[in-house]
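Below you'll find the structure, written out as structure tokens, and then a few comments.
The values are calculated or read from the model by the stated rules, or taken from the named source; none is laboratory data. What you see is a predicted model, and the numbers here were worked out from it, not measured in a lab. Backbone-built Cβ (ideal geometry, glycine too); neighbour counts: all protein chains shown. In case anyone asks, the SASA skips ligands and DNA or RNA and just uses the protein heavy atoms, side chains included. Shrake-Rupley method; radii C 1.70, N 1.55, O 1.52, S 1.80 Å.
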Amino acid sequence: MRWAVIAALVVGAVYLLGVAGLALGQRRLIYQPPADAKGYFPAGFDRVPLRTSDGLDLTAAYRRAANGRPTLIYFHGNGDSLAGAERMSDLLARRGYGLLLVEYRGYGDNPGKPTEDGLYRDGRAALDWLAKQGVAGSKLILIGYSLGSGVASQLAVERGPAALVLISPFSRLTDAASHHFPYIPVQWLLRDRYASIDKLRGRHLPLLVLHGDDDRVIPWEEGRRVAEAVPGAQLDIVHGAGHELAFLPATQVRIAAWLDGLRVANRR
């Protein structure tokens, strides 16, 4: 009995130390800027300065829209960068869509440390810059991938763009974290939550949700829950695709086709 108690205490202590370590280092897990992204800037884009409300000077990549095309503002995922954003949007660029590729604080060459509130400020700075160029409302589409889906959802609620596209989204960051850490009380520990489903629920906003049914990072059921929360949302489950869905050329084809359908509907 004595050894059983000692073993239980040791296991409990190890568990608590593990939980404490995850709690203290949670933002290093949520935000993982790739080291090789520093100094990279996509060809064919203009460097644009973004000034955040808390005083950071960020750099984003901008490509003007062809006549009649909306501008897509893209928020990338956790371990991604402008290089990945460029790859994700090359077909859309060739089709004449305007693009603003947002790089977060602490990513690439940008100063600051990423947090949920900080990324929202980065997104608002990007939207404010576009508004000064005359791009807002019906001229603007928000696209968010993985972590970026949380940023895009928040800004869609705040600013009311023409449409929202979410690729491999989570319903809430706590839900996604619980999938990977089922024995950790993430509901109590997570400081950054990105509760997209709670913000979007019941909103009347054109929404396309794309998710791979072989996604091992964010299960496709998460995307389904988000789509079901928004009246009239379109859910596109891609068979055999994993979390790399955003980088598949077919994904851009699907997005372009959906956007073209919205344009046709708006002309009626």
Practice problem: Report Glu228's accessible area, 1.4 Å probe, all protein chains in place, as a number in Å² to the nearest 10. | Solution: 130
Quiz item: With labels modelled as points extended 7 Å from the Cα through the Cβ direction, what inter-label distance (nm, one decimal) is found for Asp54 paired with Val253?
Solution: 4.2
Exercise. Show the residues, 5+ positions off or on another chain, whose built amide H is closer than 5 Å to the amide H of Thr71.
Key: Gly98, Leu140, Ile141
Quiz item: For the residue pair Glu221 and Arg95, what label-to-label distance in nm results when each label sits 7 Å from Cα along the Cα-to-beta-carbon direction?
Solution: 3.2
Exercise. Subtracting the Cα-Cα distance from 0.36 nm times the residue separation, let me have the gained length for Arg193 to Ile237 in nm, one decimal.
Key: 13.4 nm
Quiz prompt | Per-pair calculated FRET efficiency, R0 = 22 Å: Arg87 and Arg64 via Cβ, rounded to 0.05 | solution = 0.65
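Using the per-residue mean of other Cβ atoms lying within 10 Å as a proxy for protection, in what order, highest first, do the peptides 75-81, 245-251 fall?
Details: 75-81: 22.7, 245-251: 18.4.
The peptides rank, most packed first, as 75-81, 245-251.
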